[in-house]
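Visitor: Let me begin by handing over the structure; questions about it come next.
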């Protein structure tokens, strides 16, 4: 699911994200990054119970691509497992995880900084 408000796109995947099913998520993320009107992309991970290392890399690549296009990408709502996969894969250095949506919009210090 994708929501747009002004120049922010919020992606809200609603299932586990794995190498077998991340294509729709990547298309939405890639589309938001390449949309000329979008300046910020926020990924809401509340409903994502699990990600594998392939998806962690996709998030890292998305963050680097967003930055290259002058856009800001952040995530929030990731459970312990999601954060651990980002840490183990080294992607936490590229993907900023915020405590909640308001923290992203308020640009308060994130839980895991890029």
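None of the figures in this text is laboratory data; all of them are computed from the coordinates on show. Nothing here was measured: the structure is a model prediction, and the numbers come from that model. Virtual Cβ from ideal backbone geometry, glycine too; neighbours counted across all protein chains shown.
Visitor: Between residue 12 and residue 81, 0.36 nm times their residue separation minus their Cα-Cα distance comes to what?
Guide: Additional length available on full extension: 23.1 nm.
Visitor: On full extension of the chain, what length is gained from residue 103 through residue 67, given 0.36 nm per residue of separation minus the C-alpha to C-alpha distance?
Guide: 11.1 nm
Visitor: Right, next: Rounded to the nearest 5, what % of DSSP beta bridges with both residues in the stretch 2-106 are antiparallel?
Guide: Just about 25 percent of them are antiparallel.
Visitor: So, one more: Scaled to the compact-protein estimate 2.2 N^0.38 Å, what is the alpha-carbon radius of gyration of the chain, rounded to two decimal places?
Guide: 0.94
Visitor: Assuming 0.36 nm per residue, please report the length gained on full extension of the stretch residue 37 to residue 52 beyond their Cα-Cα distance.
Guide: Result for the pair: 2.3 nm of gain on full extension.
Visitor: What order do you get for 49-58, 19-28 when each peptide is scored by the mean count of other beta carbon atoms within 10 Å, highest first?
Guide: Going by the mean number of other Cβ atoms within 10 Å, highest first, we get 49-58, 19-28.
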